[in-house]
Protein chains: 2
Amino acid sequence: MTSTPTSQFDAIATLEDAGLRITGQRRQVVAAIERKGGGFTAEDIAAELEGVGRATVYRTLKLLVEADLICKLALPDGTPMYSASRVEHHHHSVCTSCGAIEEFRDTTVERVLRSLTREIEGEIVGHRMEVFIRCRKCLDSPSG
Amino acid sequence: MTSTPTSQFDAIATLEDAGLRITGQRRQVVAAIERKGGGFTAEDIAAELEGVGRATVYRTLKLLVEADLICKLALPDGTPMYSASRVEHHHHSVCTSCGAIEEFRDTTVERVLRSLTREIEGEIVGHRMEVFIRCRKCLDSPSG
DNA sequence: CTTTTAAATGATACTAACTATCATTAAACT
DNA sequence: AGTTTAATGATAGTTAGTATCATTTAAAAG
Ligand SMILES: [Zn+2]
Ligand SMILES: [Zn+2]
Ligand SMILES: [Zn+2]
Ligand SMILES: [Zn+2]
């Protein structure tokens, strides 16, 4: 992995630039996200940060999603997951066995989007693409 | 729209072929889905079919998703929506203003998938792509 | 450095979208 | 028609949030 890890200062600075107050709780949520690797749930964060209320965790995650600092996505069954954004525009691979989430960038996806302009009625305002995988770790594990 | 509408007989026959019992409730859920156009929620169906229990509606929708007769997808904020499948493998356009869902097929998306095999660690088992739009109806409405 | 003030927090209650339990009902096979 | 077993529905429980509102606190003002 050669991408730069998300810096706490970046996330905090972005919130600050948006005119939001930098509270201890928001610092804690951002720090917890940085400690997570691939993907996490809101409840993961809430459980880890006993000193931060559940409502505040959800409120902060929503702010971070709106600021494009994290992504909210769904497993095939709809279970919501969050994932820290490390590169600007990206898509996700999600392991259906262990839930591991990785980002990937692929310009061919964007090229497809441009070709869809002809097929789709209306104005395209965004898109989402998820690739479901069995990750290397899960493939290599004894349970196959 | 030139695609063939989903036939109730198809859905019922598919469930039957899977060894499931054809109950009055399942017929009613399938019929309700056929009456819907673009997209619907589980609660839409439950509210419309007063004679069918909510649990049964959710159970039936799950069966139909598993049989690929309907798709479950999410609005940008994660709100789950269902949409009848009319063509075999497809993706969705979702209007972020009114929630209207349309299917589209695009072979270039599948070509992208093949190219991703080189970029993504692990074995690709599936994918999902949603294009968010403002539909013609919403663009043409007085509120812009 | 205090004071001010509006944003943020947390406890609580509530909602949405399911899921589990289990006694009762009814497909479908004989 | 009788038997069996899947399916149903009422109820309660779970997960992932959102709304309310009294209390706290960040940060701007003095
Ligand atoms: Zn895995
Ligand atoms: Zn993209
Ligand atoms: Zn619309
Ligand atoms: Zn596809």
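Scanning region A:85-139 for residues being away from ligand 1 (no atom under 16 Å from the Cβ) and of a type outside the set (D, E, K, R) gives a total of 20. Go through region B:50-144 and tell me which helices (runs of 4 or more DSSP H), entirely inside it, have 3 or more residues that are more than 10 Å from chain A (Cβ to nearest Cβ). Those helices (runs of 4 or more DSSP H) span B:54-66. Under 18 Å from B:Gly99 (Cα atoms), of a type in the set (Val, Ile, Thr) and without any contact (Cβ under 8 Å) to a residue 40 or more places away in the chain: is that true of B:Ile70 in this structure? For B:Ile70, the condition - under 18 Å from B:Gly99 (Cα atoms), of a type in the set (Val, Ile, Thr) and without any contact (Cβ under 8 Å) to a residue 40 or more places away in the chain - is met.
The residues of region A:50-64 that are modelled with pLDDT under 95 and near DNA strand C (Cβ under 9 Å from one of its atoms) amount to a single one, A:Gly51. Among the residues of region B:116-144, write down those that are within 16 Å of ligand 4 (Cβ to nearest atom) and surrounded by 13 or more Cβ atoms within 10 Å (Cβ to Cβ). B:Leu116, B:Ile120, B:Ile124, B:Val125, B:His127, B:Arg128, B:Met129, B:Glu130, B:Val131 - these are the residues of region B:116-144 that are within 16 Å of ligand 4 (Cβ to nearest atom) and surrounded by 13 or more Cβ atoms within 10 Å (Cβ to Cβ). Taken over region A:84-102, the criterion of being under 18 Å from A:Ile33 (Cβ atoms) and in contact (Cβ under 8 Å) with a residue 24 or more places away in the chain is satisfied by A:Ala84, A:Ser85, A:Arg86, A:Val87, A:His92, A:Val94, A:Gly99, A:Ala100, A:Ile101, A:Glu102. What are the residues in region A:86-103 that are of a type outside the set (Ser, Thr, Tyr) and either at positive phi or within 16 Å of ligand 4 (Cβ to nearest atom) (or both), if any? Within region A:86-103, A:His91, A:His92, A:Val94, A:Gly99 qualify. Here B:Ser83 meets each of (1) farther than 20 Å from B:Val29 by Cα; (2) within 12 Å of the chain's Cα centre (by Cα) with one exception, condition (1).
The values are calculated or read from the model by the stated rules, or taken from the named source; none is laboratory data. Just so you know, these numbers come straight off a predicted model, no measurement behind them. Here Cβ is always computed from backbone atoms with ideal geometry, including for glycine, and neighbour counts include all displayed protein chains.
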